[in-house]
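Novice: Below you'll find the structure I mean.
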Amino acid sequence: MRYDAVVFDLLTALIDSWTLWNAVAGSETDGLKWRRRYLEITYGCGTYRPYETLVREAARDVGLPERFGDELERRWPELQPWPEAPAVLKQLRLPLAVATNCSNRLGRIAAERVGVPFAAIETAESVGFYKPRPEVYRAVLQRLGTSPERTLFVAGSASDVPGAKAVGMPVYWHNRIGLAPQGDAKPDYLERSLDRLLECVSGAD
């Protein structure tokens, strides 16, 4: 194996959270606008403020009712993994972990939706910071007991690429919806699905 463990961004790399945000917002246009504003707030936040609060603030900032944040939280158990995710992860014979920008409670619910066990689940709430701050990546590495260079990070959001690379982790960017890159950091692997992950981990590519 090329790596000793694999860490995942939960809400974009493993979970199709975009569909739920769009459903709550009432349209894809409003859902994307709301989600993008939430990401802007989160990336600028650094120190943890309640995830649920940021979601409501983002809705208000783009002209949507703040109660949409409560509705998103209520419907959180509806989250679904990307179609290939459970099968791919079940074939990975390595410790798997999650580093996610949400609360402990919502992180656990979302991780359970993937249907595979994780050796560690680190959230922004548990660490006290939001990604792409280095504390989140370092916390999950410490929990796993692995070195950065031997721990593959599977990014979903663009900010996780420079975030994980900055602490020395190789990155597989599962850029499902074609997000624009952030900064100059380049992923080691760039894919539109998780289908090639097993090859990259095993060194068969």
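The values are calculated or read from the model by the stated rules, or taken from the named source; none is laboratory data. This structure is a prediction, so every number in the text was calculated from the model and none was measured. Note that each Cβ is placed from the backbone with ideal geometry, even for glycine, and that neighbours are counted across all protein chains shown.
Novice: Given (1) in a helix (DSSP H, G or I); (2) out of contact with any Leu (no Cβ under 6 Å at 6 or more places or on another chain); (3) of a type outside the set (F, W, Y), identify the lone condition not met by R113.
Specialist: Answer for R113: the failing condition is (2).
Novice: Then there is this: Every residue in segment 186-205 that is modelled with pLDDT of 95 or more and not in a helix (DSSP H, G or I), please. Quick ask: steps written out before the conclusion?
Specialist: So the first thing to find is which residues in segment 186-205 are modelled with pLDDT of 95 or more, and the list is 186-201.
Correct list: K186, P187, D188, Y189, L190, E191, R192, S193, L194, D195, R196.
Novice: Do we find a residue being surrounded by 13 or more Cβ atoms within 10 Å (Cβ to Cβ), among the small types (G, A, S) and either assigned by TED's automatic domain parsing to the domain that holds I109 or free of Cβ contacts under 8 Å to residues at least 12 places away in the same chain (or both) anywhere in segment 74-89?
Specialist: yes
Novice: If I go through segment 1-30 residue by residue, how many of them are in contact with a helix residue (DSSP H, G or I) (Cβ under 7 Å, 6 or more places away or on another chain) and not hydrophobic (A, V, I, L, M, F, W, C)?
Specialist: 7
Novice: Here is a follow-up. Run G107 past the list (1) free of Cβ contacts under 8 Å to residues at least 40 places away in the same chain; (2) closer than 26 Å to L72 by Cβ; (3) of a type outside the set (A, V, I, L, M); (4) in a helix (DSSP H, G or I) and report the number of the one that doesn't hold.
Specialist: (1)
Novice: Which one is surrounded by the fewest Cβ atoms within 10 Å (Cβ to Cβ), of the residues in segment 116-154 that are of a type in the set (F, W, Y) and either in contact with a Cys (Cβ under 7 Å, 6 or more places away or on another chain) or outside any strand (DSSP E or B) (or both)? Walk me through how you get there before you give the answer.
Specialist: Initially, segment 116-154 is screened for residues of a type in the set (F, W, Y), giving 118, 129-130, 137, 153.
Add one more test, that the residue is either in contact with a Cys (Cβ under 7 Å, 6 or more places away or on another chain) or outside any strand (DSSP E or B) (or both), and what stays is 118, 130, 137.
Numbers: F118: 19, Y130: 27, Y137: 26.
So, considering only residues that are of a type in the set (F, W, Y) and either in contact with a Cys (Cβ under 7 Å, 6 or more places away or on another chain) or outside any strand (DSSP E or B) (or both), the one surrounded by the fewest Cβ atoms within 10 Å (Cβ to Cβ) is F118.
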